[in-house]
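Where a number appears in this text, it was derived from the coordinates with a stated rule and is not lab data. Quick caveat, the model's predicted, so the values are computed rather than measured. Cβ: placed from backbone, ideal geometry, glycine included. Neighbour counts: every protein chain shown.
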DNA sequence: GGCGCGTGTAACCGGTTTGTCACCGGCATT
DNA sequence: AATGCCGGTGACAAACCGGTTACACGCGCC
């Protein structure tokens, strides 16, 4: 189990790392935002612990950058009582939030709870109904047709819809999951992406059978 | 979305219930541990908010009892700084933990995060009497009739009324909840919306049987 | 440089939804 | 009876929404 710890306070960083390492986690440390993002990409950890107050690039920005790429559990740290921060962090897709100062035991308990919860629901299926995704090849196959090449964004959109196959997914959530947190306004992006994806996967793009418009979003139809 | 709130402090219980109801959740209240467990079995809510300090049967015991039957998200409440409690609660399988006192905003943000993590923030049909809402499809079904398509505002109005089924809801509150902060006075909007909704759900829109005009507002009649 | 590709942005269309106005009738008060 | 208030109704216009076409930008690659 790999954990990325990002905090500019060396003492705290070491305390956390020590605690986690002692419990058996493999810890990767980052001292600032940019290197956190970079390490995240290189190491793809299973969980991220993120201080909000970092010079250069705030924990919010890091969280946003991470959410643009992954649904890995993120735990944010900040000083006690900044309610705004809490609301904002959770809105950005963070999964938990811990007030400083905290004890190692508390941190461990929450990290375990987070991993337990995440373990319960990651490994999103890559296939449903007649649709199956190939993340390596960047292709999708419908029924027994030929694989169709997808772009990065198309793949991500399809992956999100596939993870909720049969159920409609809110436009807002799709925007967050596919692009990262561009709040509002950017419906056009989603419109376009859906349009382009339909051209590729629908037998008749004018009458979508797979990628249907649903109230407040889209859904993947599976028989 | 059904939420069970268990707390022996009536004021706090009401505050939480009010906040959640206003957001559109259907709230079930319990004043002590045993009735919380009982209500949990009967109502099978989608989320449980649990005070730790309850007479008779502690929140821990309730949490344990619930975990024995279900993996429903559980949020624990207790006084600030009892770290032992936190560790114990998370160890028992609780999913989150909130220190009192907390603000309604914080509670809401965390509950939403919890539901999102559990992957069930939509598609739970709300129902009361012969009326059942499908938030995912934007439809309402009366008795065993065909589902009727609703618009965004109609759905929101019905959701609010459904959350308080059987009780009249003040016009002012409906305005705030459906449209967001409109400086009052704009009753015309509500009049129209009610009118349009009645056209869709009433057998005889001229003699409303479900969506009745009540003192200073409207109410949903459930038998 | 020229090319194709992936992505973002703008503009338009047709249909739906929503906001606004004007008017009606019941009811209580004057 | 006149008045004012309130809820209900019909009609219309403005705003919005999803789909679509077209085009611009940045980028890697011949």
With springs only between Cα atoms under 10 Å apart, run a GNM on chain B and tell me which of B:144, B:53, B:99 wobbles the most. B:144
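Taking the number of other C-beta atoms within 10 Å as the exposure measure, put B:186, B:46 in order starting with the fewest. Walk me through the intermediate numbers first.
On the way: B:186 12, B:46 18.
By the 10 Å Cβ count, ascending: B:186, B:46.
Please arrange B:154, A:43 by how many other C-beta atoms lie within 10 Å of their C-beta, fewest to most. All intermediate terms of the calculation are to be shown ahead of the outcome.
On the way: B:154 21, A:43 14.
So the ranking, lowest neighbour count to highest, is A:43, B:154.
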One quarter of the convex hull surface, Cα atoms only: what value does that give for region B:126-167 in nm²? 2.6
Any idea what the residue A:143 label distances to the other copies are, label 7 Å down the Cα→Cβ vector, nm, shortest first? 4.2
Average beta carbon contacts from partner chains per residue of A:1-12, 10 Å cutoff: 0
Taking chain B as the reference, fit the longest principal axis to its C-alpha atoms, fit the long axis of helix B:104-118 to the helix C-alpha atoms, and give the angle between the two in degrees, 0 to 90, nearest 10. 90
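Compute the FRET efficiency between residue A:204 and residue B:151 as 1/(1 + (r/R0)^6), taking r as their Cβ-Cβ distance and R0 = 25 Å, and round to the nearest 0.05. Before the final figure, lay out the partial values.
Values: r = 28 Å, r/R0 = 1.11.
The value I calculate is 0.35.
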Please express the Cα-Cα pair-distance distribution P(r) of the protein assembly as shown as a list of whole percents, one per 20 Å bin, running from 0 to the bin with the greatest distance. 22, 52, 24, 1
On the first, second and third principal axes, largest extent first, how far apart are the outermost C-alpha atoms of region A:1-96 in Å? 33, 28, 23
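Based on DSSP, what percent of beta bridges with both residues in chain B are antiparallel, to the nearest 5? Show your work: numbers first, answer last.
Values: 16 of 34 bridges.
That works out to approximately 45 percent antiparallel.
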Would you calculate the separation in nanometres between label points at residue A:26 and residue B:222, each defined as 7 Å from the Cα along the Cα-to-beta-carbon direction? 5.2
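Tell me, what are the semi-axes, in whole angstrom and largest first, of the equivalent ellipsoid of region A:1-160 as set by the roots of 5 times the Cα gyration tensor eigenvalues?
Working: eigenvalues 217, 52, 43 Å².
Semi-axis lengths for region A:1-160 are 33, 16, 15 Å.
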By how many degrees, between 0 and 90 and to the nearest 10, does the Cα long axis of helix B:152-163 differ from the longest principal axis of chain B? 60
Taking Cα atoms only, helix B:10-23 is inclined relative to the longest principal axis of chain B by an angle, in degrees rounded to 10, of 50
Inter-label distance, nm, simple model (7 Å from Cα along the C-beta direction), residue B:70/residue A:9: 3.9
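For the protein assembly as shown, give the share of DSSP beta bridges that are antiparallel, in percent and rounded to the nearest 5; count only bridges with both residues there. Could the numbers behind the result be given before it?
On the way: 31 of 67 bridges.
Percentage antiparallel, nearest 5: 45.
Suppose R0 equals 30 Å; then what is the FRET efficiency for residue B:58 and residue B:105 from their Cβ-Cβ distance, rounded to the nearest 0.05?
Values: r = 27 Å, r/R0 = 0.91.
Between residue B:58 and residue B:105 the formula returns 0.65.
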Highest-fluctuation residue, A:189, A:20, A:90 considered, GNM on chain A with Cα pairs under 10 Å: A:189
